[in-house]
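All remarks here apply to the structure that follows.
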Amino acid sequence: MSEISEQQVAHLANLARIALTPEEISSLTSELDTIVDSIAKVQEVATPDVPATSHPVPLQNVFRDDVVGQTLTTEQALANAPESADGRFKVSAILGEEQ
Amino acid sequence: MARDRVMDFDKALELFEPVLGFEVHVELNTKTKMFSAAPNGFGDAPNTNISPVCLGLPGSLPVVNEQAVRYSISLGLALGCSIAPTSRFARKNYFYPDLAKNYQISQFDEPIAFEGQVDVELADGSVRTIPIERAHMEEDAGKLTHVGGATGRIQGAEYSLVDYNRAGVPLVEIVTKPIFGAEHDAPELAKAYVSTIRDIVIALGISDARMERGNLRCDANVSLRPRGQEKLGTRTETKNVNSLRSVERAVRYEIQRQAAILADGGTITQETRHWHEDTGTTSAGRPKSDADDYRYFPEPDLLPVVPSPELIEELRAALPEAPAIRRRRLKETWGFTDLEFQDVANGGLVAEVELTIAAGASPQAARKWWTGEISRLANVQGVEATSLVSPENVAALARLVEDGTLTDKLARQVLEGVVAGEGAPEEVVEKRGLAVVSDDGALIAAIDEALAAQPDVLAKIQDGKVQAAGAVIGAVMKAMRGQADAARVRELILERAAQP
């Protein structure tokens, strides 16, 4: 049974800023569908006493002390910037807003 | 841009019930960022407080700042929230250059704190309880400067410059549930709520809470529903209203604007709106769209936060008293009348007055400066009083008046200098040469000169008409450029006139 539609894949591609051809959308749709089906199988065996797991390692509370460490210089920070000005990253004007 | 029509506030309230909601972002004043050891600083040169994590460079991994977690739990407890036994970070995915990673690390369905309430006191002394839905941890975004275009805003900009110093600064976002029943008090309640949150984080010592620096930012949600209707109306979210005064004005404006549309049979668009301080209006920002699908998922680079009951109880025990109780205590300690304290509280200046007293000023001096000259200057400039001058500088100013270095009049000039960025009060006194001339020798020289210039006045004084001294006082004060104590000058004039 198909869970994933081509519209959903096109929507996701748009959100992720990935340009896909119609052929790619079609093939990804069926691939994603297989993945969703496989995960659905796992969900079948998960009983209510199995908590949702976001990490495979049984660790928690891994913290850092609030102590200042090494920083980059502005030059290092900007070294890989395609463009910079006034010590800052230069980006094209974006039609949109801060989130 | 055409001005929106607005309806009279009272008329709007007659027809509609306003429902409010707030999202307040609090920047924590930790030494380092939320997920990296880069400094959390303000006002530094662009892109200096930066680590590979702040830039989302390949291979860099975030690690949670323990202090930020403790602060967040304390804030959650102060908001009367439950602390989640297990809390997780999540990625909020979006494309905007304010974060280099293309996602913000935030919390989604497992916030650190949830289900609380905050008591907010209005000017008339009544108390409203604001229901809190959640308080969650996240990272702040970098700062964009739009270059080109007429207004420096994003519309018409040619390009933007990004400073990532603020990217990764720890934030707690406090989200209320819908607030009903505010009615005519809605604008005042909005201001009082943000002011209370500000008092709480200052009392906790977890944020500098300076709204003009963006340490505390408020998004105000407003919707209206016709009287008698159960269903909530469509809401707008006015973003980044960054002073207490603006929060009040923005809520009032949105109520009036939405009422005018609804009364005309129109519909409200669900959208973000921008607040314009100069015109006191809001304008349409971005409508809700497909792009608002943030595809949250658990942050794979970070592990769950599981605060122990012992830690929670330790932090609970260390909480400062609740704002309402604190206000009553402060009023008593400071010996303020009801009216005096209300003045301070309504101006959102309780914390400032407290800090000023802690820095050495008398309660009355602290109160007079903040509610008097500083508030007046703030009004003239259309900014928040707290943005003009630090409590330490106000205390220093009060000290200079107390020890006779400055008269009240000179002190106001010094304050203007401090506000203009000329330095601490002592420095302004020095630079502007404003101290009171307490050197009797200099005063006597000026008095003798003035008396010699006005022999008829001298004769009158010697005749016993002491009120004639006023003319000489004026001349001496002028010669001293106002920097003399008039009472002392008068004393000396009478002394000199009495001498043969």
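Some notes on this structure:
- Criterion: without any contact (Cβ under 8 Å) to a residue 40 or more places away in the chain, among the small types (Gly, Ala, Ser) and not in a strand (DSSP E or B) - qualifying residue of B:Gly41, B:Gly125: B:Gly125
- In the set B:Lys409, B:Lys368, only one residue is among the basic types (Lys, Arg) and surrounded by 16 or more Cβ atoms within 10 Å (Cβ to Cβ); that residue is B:Lys368.
- The single condition among (1) outside any loop (DSSP other than H, G, I, E, B); (2) within 14 Å of chain A (Cβ to nearest Cβ); (3) surrounded by fewer than 16 Cβ atoms within 10 Å (Cβ to Cβ) that B:Asp109 does not meet is (1).
- Considering residues of region A:69-83 that are surrounded by 15 or more Cβ atoms within 10 Å (Cβ to Cβ) and more than 9 Å from B:Asn47 (Cβ to Cβ) only, the residue nearest to the other protein chains (Cβ to nearest Cβ): A:Thr71
- Filter result for B:Val380 (within 24 Å of B:Asn242 (Cβ to Cβ) and buried (at least 20 other Cβ atoms within 10 Å of the Cβ)): no
- Looking across region B:30-47, the residues that are under 22 Å from B:Cys218 (Cβ atoms) and either within 8 Å of chain A (Cβ to nearest Cβ) or crowded, with 19+ Cβ neighbours inside 10 Å (or both) come down to B:Thr30, B:Met34, B:Asn40.
- One residue stands out in region B:337-350 among those that are modelled with pLDDT of 90 or more and assigned to a loop (DSSP other than H, G, I, E, B): the one that is nearest to the other protein chains (Cβ to nearest Cβ), namely B:Leu349.
- Given (1) surrounded by 17 or more Cβ atoms within 10 Å (Cβ to Cβ); (2) at positive phi, number of the condition B:Pro391 does not satisfy: (2)
- Subset of region A:14-35 (residues that are surrounded by 14 or more Cβ atoms within 10 Å (Cβ to Cβ), more than 12 Å from chain B (Cβ to nearest Cβ) and among the aliphatic types (A, V, I, L, M)): A:Leu20, A:Ile25, A:Leu28, A:Leu32
- Region B:53-68, residues that are more than 7 Å from chain A (Cβ to nearest Cβ) and under 19 Å from B:Lys31 (Cβ atoms): B:Val53, B:Cys54, B:Pro62, B:Ala68
- The listed residue being part of a helix (DSSP H, G or I), of a type outside the set (D, E, K, R), modelled with pLDDT under 95 and in contact with a Lys or Arg (Cβ under 9 Å, 6 or more places away or on another chain), out of B:Val401, B:Val414: B:Val414
The values are calculated or read from the model by the stated rules, or taken from the named source; none is laboratory data. Just so we're clear, the structure is a prediction, and the values are computed from it rather than from any experiment. We place every Cβ from the backbone using ideal geometry, glycine too, and count neighbours over all the protein chains shown.
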